[in-house]
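Trainee: Below are the structure tokens for one structure; questions will follow.
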Amino acid sequence: MAKTTAPKKTKRSKADAESMASKQRDISVSEFFAKNRHLLGFDNPRKALLTTVKEAVDNALDACEEASILPEIEVKIEEVTAPTHASKPGRYIVTITDNGPGIVRKQVENIFGRLLYGSKFHRLKMSRGQQGIGISAAGMYGLMTTGKPMVITTRPKKNKPAHHLELAMDTTKNKPEVTVDIETDDFPDGTGTRVAIEMEAKFFRGKGSVETYLEQTAISNPHCSITFIPPDKANENPDLAESKESVEADEQGILRTQEFSDRIVYPRTVDELPPETEEIKPHPYGVELGTFLTMLNKTEEKQLSGFFRKEFCRVPPSTVKEVTAAASTKGNSYSGSTWVKTVESKDAEKIYKALQEAKLRSPPTDCLSPIGVKQMLAGLLKGVKAEFYTASTRKPSVYRGNPFQIEAAIAFGGELPGDQQARVIRYANRVPLLHQQSACSSFKSVIDTSWKNYGMQQPRGGVPVGPLVVMIHMASVWVPFTSESKDAIADYDEIRKEMSLALQECGRKLGQYIRRRQRMKRDAQKRDVFERYIGEISRACNYLTGTDTQELYDALLAQAKARTEIADAQLDDEGNFIKDSAGNLAKADDVIILDSVGSNNTTNGTVAEAKPIVKKKRVSKSSGKSTSKKRTTKKSSKKAAAGLFGA
């Protein structure tokens, strides 16, 4: 039997401190995100295309609004190489053009060629972008997948040529490398910026697509005009396009999204820019101890009173006096006139704790710019074909010292599908959130709302079923996203509470409208039954008593119309009930009701049928008696006959 030789043991190399230290080096932020691009929303070719368009459009909207310009944005996607297989990506050129203020030449390479470079991270002011990553990360993704640089053309002054640059990012240093830098006249009239990125991607339509994002962006930004040229329209001959270039209103006088042979247009429906926001100082409740100590060391103020006045908001002199007194000890006494340099680390921690326990006013809210009720209704009218619209804007609130404001709107009926789950549209600072829906606080708030109370069907632990679109928006100086890709809002109790209250306000108006529509249908059916038999009753009474047949018929018909008066309710040109003497719903500024001719979604079985309201007597526990059904039904029927809507 042959002997088997044991494998030789290799000698394990031993590293020492010097050899380990020689292998260590700095890691640039661009190098980190190049390997972890899924954190920025570039998980796959499908999402990469959407993220690129999203970041560019968000920057364009922010720039136009800050320069007080009504935004006009064009998004064009050209197919360079078709996918070889359905599962393989193709190669596309994504071009976004805006009419904003443009970018000065010396800042172009920093904005587009460096990660974490921008003007929005350090200021407490509502804006779409927050981190200074998005558009430069899109260029980095295009460079990694195609090797082609980003092409930027910008004109900051009307009467001068535009700057044309082609640049790539050096990911090892997080620095731009400009390969082409020339001036050109190949740019539309006026100021603005055009960005073109070639990348590997997948173009598709439907849920989570670029088209869905632009549609939802148009809803939350009705002051913006967006033109979308998808790949199947990018190569169309402009001479063969429709002769009409402007978007026309429909038969109801509403400007809606229109598709032409060479483009899709999301028209502007509001000619007013959102209110301008103001930058605020940090609120003490939103500052942690480490940040407080850093601010105390870096402040240019000499005394504590000046430090609190310049570095924070909502800290009046009376609070400074209270805080310094609480932090004083026998050995060290503090006041507003204490020199900042004399404050030791232990005492600074005492001042911080006293500041956190002090009663402070909420931060100012002029840093927020909510969409507003009228603008939300205008946006929904443009993008959603329904018959009932309502919206609600909550008062500003605070989480972790950061002011925020919640808005909600719903659209019901019309051409919306009645046999599917309600569509939930989520926004953060006017930006649509298309992914990670189940992890978002907005979606959880919709599920937690009891829609059955408002006449809708709702499965346990799910969204309502029926012809319904729910829109919910959070405006804040710092939106608490769950990740850098900014796809979902973190679940804070203060935020969830405000979202639920906003949805309940809209739900109450929806329930009132559904009950009215259902009663109109029931009363119309009752009248049909009455008219079917009153002729026979009139002839029978004439035979028995000799009463005039026509006179009795007219009297019974008048009585039937009086009992079913709601069936004759009509809508005027503005959607208000003409005969509604108690028309608080239709006359409200936050409600729009359109004529629903030919629409059966309201009562097609997807909406829970509202039963006649039965008002029961309250019975004390000691008596143990209950009201009889017969008596209760009689009282409720009398009340139902009074007034047009039972008021």
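Trainee: Leaving ligands, DNA and RNA out of it, work out the accessible area of S19 with a 1.4 Å probe and give it in Å² to the nearest 10.
Mentor: 40
Trainee: Any idea how far the Cα center of the range 161-199 sits from the one of the range 20-88, in Å?
Mentor: 16
Trainee: Same structure again: Mean separation of Cα pairs under 8 Å and 6+ residues apart, divided by the residue count of the range 365-516: what relative contact order is that in percent?
Mentor: Relative CO of the range 365-516 lands at 30 percent.
Trainee: Need one value: the accessible area of V104 in square angstrom, 1.4 angstrom probe, rounded to the nearest 10.
Mentor: Looks like 80 Å² after rounding.
Trainee: Follow-up question, since we're still on this one. Could you derive backbone 3J(HN,Hα) for the range 175-181 from the dihedral phi with the Karplus parameters 6.51, -1.76 and 1.60 (θ = phi - 60°), listing whole Hz in sequence and x where the residue is Gly or Pro?
Mentor: 9, x, 10, 7, 9, 9, 8
Trainee: Taking the Cα centre of each part, how many Å lie between the range 390-462 and the range 248-288?
Mentor: Cα centres, the range 390-462 to the range 248-288: 19 Å.
Trainee: Keeping every protein chain in place, order H164, H38 by accessible area at 1.4 Å, biggest value first, i.e. largest first.
Mentor: H38, H164
Trainee: How long is the gain from N44 to E259 if the chain were fully straight, where each residue apart is worth 0.36 nm and the alpha carbon distance is subtracted?
Mentor: Values: separation 215, 0.36 × 215 = 77.40 nm, distance 2.85 nm.
Gain in length upon complete extension: 74.6 nm.
Trainee: Just reorder V247, V108 by solvent-accessible area, largest first, 1.4 Å probe, all chains present.
Mentor: If we order V247, V108 from most to least accessible, we get V247, V108.
Trainee: Quick one: Debye curve from the C-alpha atoms of the range 8-166, no solvent, what's log10 I(q)/I(0) at q = 0.09, 0.12, 0.21 Å⁻¹?
Mentor: -0.40, -0.63, -1.53
Trainee: Using Cα pairs closer than 8 Å and at least 6 residues apart in sequence, work out the relative contact order for the range 421-467, in percent.
Mentor: Here the relative contact order equals 39 percent.
Trainee: Which distance in nm do the two modelled labels at F204 and R105 give, with both placed 7 Å along the Cα-to-Cβ direction?
Mentor: The modelled label-to-label distance comes out at 4.5 nm.
Trainee: I need the calculated FRET efficiency for the pair E18 and T342, taking r as the beta carbon distance and R₀ as 51 Å, to the nearest 0.05. Please report the intermediate quantities before stating the final value.
Mentor: On the way: r = 44 Å, r/R0 = 0.87.
The computed FRET efficiency comes out at 0.70.
Trainee: Need one number for the range 406-494: average projected area of the convex hull over its C-alpha atoms, nm².
Mentor: Numbers: hull surface 24.4 nm².
For the Cα atoms of the range 406-494, the hull's average projected area reads 6.1 nm².
Trainee: Within the range 435-523, list the trypsin sites (Lys or Arg not before Pro) lying in a DSSP loop whose Cβ has at most 10 other Cβ atoms in a 10 Å radius.
Mentor: Details: sites: K444, K452, R460, K486, R496, K497, R508, K509, R515, R516, R517, R519, K521, R522; in loops: R460, K486.
Of the trypsin sites (Lys or Arg not before Pro), the ones in loops of the range 435-523 whose Cβ has at most 10 other Cβ atoms within 10 Å are R460.
Trainee: Additional query: The range 53-130: which chymotrypsin sites (Phe, Trp or Tyr not before Pro) are DSSP loop and have at most 15 other beta-carbon atoms within 10 angstrom? Please report the intermediate quantities before stating the final value.
Mentor: Details: sites: Y92, F112, Y117, F121; in loops: Y117, F121.
The qualifying sites are F121.
Trainee: Then there's this: Quote the relative contact order of the range 279-330 in percent (integer), defining contacts as alpha-carbon pairs under 8 Å separated by 6+ residues.
Mentor: 38
Trainee: Another one. For the range 108-212, what is the Kirkwood estimate of the hydrodynamic radius, computed as the reciprocal of the mean inverse distance between distinct Cα atoms, to one decimal in Å?
Mentor: About 15.2 Å, per the Kirkwood formula over Cα pairs.
Trainee: I'd like the accessible area for D181: 1.4 Å probe, protein heavy atoms, all chains in place, Å² to the nearest 10.
Mentor: 80
Trainee: Continuing with this model, one more query. In whole Å, what are the extents of the range 328-411 along the principal axes defined by its C-alpha atoms, from largest to smallest?
Mentor: Result for the range 328-411: principal-axis Cα extents of 72, 19, 17 Å.
The values are calculated or read from the model by the stated rules, or taken from the named source; none is laboratory data. Keep in mind the model is a prediction, meaning the values are calculated, not measured. With ideal geometry, Cβ positions are generated from the backbone for all residues, glycine too; neighbour counts draw on all protein chains shown. The protein model used for the area step is the full one, side chains on, heavy atoms only, and it has no ligands, DNA or RNA in it. Shrake-Rupley method; radii C 1.70, N 1.55, O 1.52, S 1.80 Å.
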